[in-house]
Amino acid sequence: MIGYLAHTEGAPCPTLVLPTGTPLDDGPALDAALTAARDWLTRTGRTQVMKIAFVAPSRHPLADLEFRFVQCLPGDGFDTAGNCGHSLACATLVARKQGLTPLPPGGPVRVHVTNNDAHVVCETDRTLHHESELSLHFVHTPAPLLGSLLPTGNPVDELTAGPRTLHASLVTAGNPYVFVDARDLDLPDRQALFTAGDTVLQELRALRAAAAELLGRPPTGAFPKIAAIGAYGPGPLAVRALSVPAWHPTLALTGAVCLAVAVTLTGTLPARLTPHHTAADRRGRRIELHSPGGPRTVTVTTTDTPAGPALTRTSVHGKRARILTGPLHIPTALHETRKEADLCLPPRT
C-alpha cells in the first residue's frame, strides 16, 4: 500500500492519504487497510497523525474523485461518520500527483465524499512553491431546506453536563456541530475564549457527549463536533472548537461551513449573536469568522423555494495545502518485514 503525508494550513495534524485504484467500501478490505495504516503510523513514530483519507477515481457520474475520511480515535478506534475539509484538500493534491484524475493542472476537481454523500468542488487558486492555495465549494444537492439542517427540529436545545445545563444549537451542514455561547462558559472576552484551558475543554467534551446521545450517536465517537462562539464587539463572530483529542488550532473547514450556515438559521445561537445580519443579508453573503488561527471567510448561498429557503452552496477560500512526503511504502501483511517498513522516510512534524 502506498501513502503520502500531506498537510493543510490550520489542520491539527497531517493526513495520511492512501490513493487506491478502486474505491474501498465498508468491509474486510477497508478494515485491513486501516489496521495496517494505524500500525505503520505507530511503528514509525507518527502517532500524532490522527487523520486517514482514501482517494480513488469516482464511481459517481458527477464526480472525478471518490474520497473517504477516517478519524482515528484515542486508543485504537476509528470514526467514519463525517467529512474533513482539510483532509479532502490533501487528498486532492495527492490524487493529482498520482494521476487519478485526468483533469489539467489547476482545473476544478469534483469530489464525492462517501462518508456522508457530500459533493465538494476543490479549485486550485494558485500554486506557491511546494504549496497550493485552494478554495473548497460544498455543493448541496439536492438543496436541503434550511429548517432540515436542525437535527432535533429546534434552533436551541438544552444540554446537561455535570451540574450545569446550557443552551446549545445543534446544526448539521455537512458535519453535525454543537454551538454554545462562550459567555455561558464564563468566558467574557475573545482573549479568555482563545486561551481557555483544560477545565473548559473538559466541560465542552461533556456537552459534546450529551449532544451525541441526544442525536443517537456514540458519545465516544468524533461526531458531533463542538465549538464555543462569542460575540465580542462589532467584529466577526469568535469561535474556538475541539478536535480529536484536544483544542483545534484554528477551525475545521466543515466547522466554518456549519457555523456560517447556522448564522443563517433563524433562532439559533449563532444567529442571535450576529443580530446585525438581517434575514435578507443571510441569503448569499460572506460571513466573517475569527478563530485562534485568524480570520476566515465563508460564502453561503441559499435560494427561495415554495417550501422555504434552501441551502445550495457554501465556500471556503484561501486554504494552503502541501504534500510533506511520499510515496511511502506501508506494509499490509504480516510477512512484510519491519525492515521493509523502515525504508519509509523519518517522521515529519
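Worth pointing out:
- The D304 and T152 beta-carbon pair, evaluated with R₀ = 22 Å, returns a calculated FRET efficiency of approximately 0.35.
- Segment 76-154: C-alpha pair distances exceeding 14 Å, %: 68
- The accessible area of E213, taken with all protein chains in place and a 1.4 Å probe, comes to roughly 130 Å².
- Shape annotation for segment 1-148: C-alpha extents along the principal axes are 42, 40, 29 Å, from largest to smallest.
- Here segment 1-88 is assigned +1 on the Cβ of each Lys and Arg and -1 on the Cβ of each Asp and Glu. Its dipole about the Cα centre then comes out at about 220 debye.
- Unit charges on C-beta of K, R, D, E only; dipole of the chain, Debye: 600
- Built amide H within the under 5 Å cut-off of I226, gap 5+: V178, L242
- Volume of the convex hull of segment 165-267 (Cα atoms only), normalised per residue: 103 Å³.
- Here the Debye sum runs over all C-alpha atoms of segment 159-224 as equal scatterers in vacuum, and log10 of I(q)/I(0) at q = 0.23, 0.27 Å⁻¹ comes out as -1.04, -1.26.
- Remark on segment 7-47: Rg and Dmax equal 12.1, 33 Å (Cα only).
- The separation of segment 137-196 from segment 1-19, counted between C-alpha centres, amounts to 28 Å.
- Full extension of the chain between D31 and I2 yields a length gain of 8.8 nm, computed as 0.36 nm times the residue separation minus the alpha carbon distance.
- Volume of the convex hull of segment 70-112 (Cα atoms only), normalised per residue: 92 Å³.
- Figure note: Y232, Y177 ranked by solvent-accessible area, largest first, 1.4 Å probe, ligands and nucleic acids not counted: Y232, Y177.
- Residue order for H60, H86, H137, H167 - accessible surface, 1.4 angstrom probe, largest first: H167, H60, H137, H86
- Gain upon complete extension [T332, E133; 0.36 nm per residue less C-alpha separation]: 68.3 nm
- With a simple spin-label model that places each label point 7 Å from the Cα along the Cα-to-Cβ direction, the separation between D39 and T266 comes to 5.7 nm.
- Calculated FRET value between A192 and E213, using beta carbons and R₀ = 25 Å, to 0.05: 0.30
- FRET efficiency for D125 and T160, using Cβ-Cβ distance with R0 set to 56 Å, rounded to 0.05: 0.80
- Taking every C-alpha pair closer than 8 Å and separated by at least 6 residues, the mean separation divided by the residue count of the chain gives a relative contact order of 21 percent.
- Relative to its residue count, segment 12-91 spans a Cα convex hull of 97 Å³ per residue.
- In the context of the full set of protein chains, the chain has a per residue accessible area of 42 Å² (1.4 Å probe).
- Whole-percent carbon and sulfur share, accessible surface of segment 180-284, 1.4 Å: 55
- Here the scattering of the chain is modelled by Debye summation over its C-alpha atoms, one equal scatterer each and no solvent; at q = 0.06, 0.07, 0.10, 0.13 Å⁻¹ the log10 of I(q)/I(0) is -0.21, -0.29, -0.59, -1.00.
- Using all pairs of distinct alpha-carbon atoms, the Kirkwood hydrodynamic radius of segment 73-227 works out to 18.0 angstrom.
The values are calculated or read from the model by the stated rules, or taken from the named source; none is laboratory data. Owing to the predicted nature of the structure, the values given are computational and were not obtained by experimental measurement. Neighbour counts run over all protein chains shown; Cβ positions are idealised from the backbone, glycine included. These accessible areas exclude ligands, DNA and RNA; they are computed on the full protein's heavy atoms, side chains included. Shrake-Rupley method; radii C 1.70, N 1.55, O 1.52, S 1.80 Å.
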